[in-house]
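One structure is given below, encoded as structure tokens.
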Amino acid sequence: MRIGVLTSGGDAPGMNAAIRSLTKAGIARGHTVLGGSPSAVDRILAQRLAVGALFALEAGAHDELLAWETTAGLATQDASVNREPLDQALAETERVLDVSSPATVRRVALMRSAEALLAL
């Protein structure tokens, strides 16, 4: 799973600590967390997710997150952006943590095969 954190860029007490905590938790759970100064691609991605969020709000959606280029979830006007119910996203996070997620199982198998190669 890729996690993006969108902020306004202004000063907000506790925001740096919250972002640092989210980043560490995401990495610890095997998610891709991107950071640093935003590139043009980052800005386009953020804009497309924001537009998807606005359409979801307009449709009365709540308790959902927007996901980039996933096969799960509800389609939006943007073919690369899907809406996913928050409870499903949290359930997948639990599967990642207990290593029962198909994606995590594949990653663990890949790392084990890489370890075998490194032992040679």
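The values are calculated or read from the model by the stated rules, or taken from the named source; none is laboratory data. In this text, all values refer to a predicted model and were calculated from it rather than measured experimentally. For neighbour counting, all protein chains shown are included, and Cβ atoms are generated from backbone atoms with ideal geometry for every residue, glycine included. Calculation scope for accessible area: heavy atoms of the full protein, side chains included, ligands and nucleic acids excluded. Shrake-Rupley method; radii C 1.70, N 1.55, O 1.52, S 1.80 Å.
When the surface is traced with a 1.4 Å probe over the full set of protein chains, S39 keeps roughly 50 Å² accessible.
Extension gain for L86-L54 works out to 9.9 nm (0.36 nm per residue, less the C-alpha to C-alpha distance). Here the spin labels are modelled as points 7 Å beyond Cα on the Cα-Cβ line, and at D78 and S39 they lie 1.7 nm apart. For the range 13-22, backbone phi angles converted through the Karplus equation (6.51, -1.76, 1.60; θ = phi - 60°) give residue-by-residue couplings of x, x, 5, 4, 5, 5, 5, 4, 5, 4 Hz, Gly and Pro being listed as x. Each label point was placed 7 Å from the Cα along the Cα-to-Cβ direction; for Q47 and H31 their separation is 2.5 nm. The accessible area of D78, taken with all protein chains in place and a 1.4 Å probe, comes to roughly 40 Å². Measuring r between the beta carbons of A109 and A18 and using R0 = 35 Å, the FRET efficiency lands at 0.55. Of the peptides 50-60, 102-112, the ranking by mean beta-carbon count within 10 Å, highest at the top, reads 50-60, 102-112.
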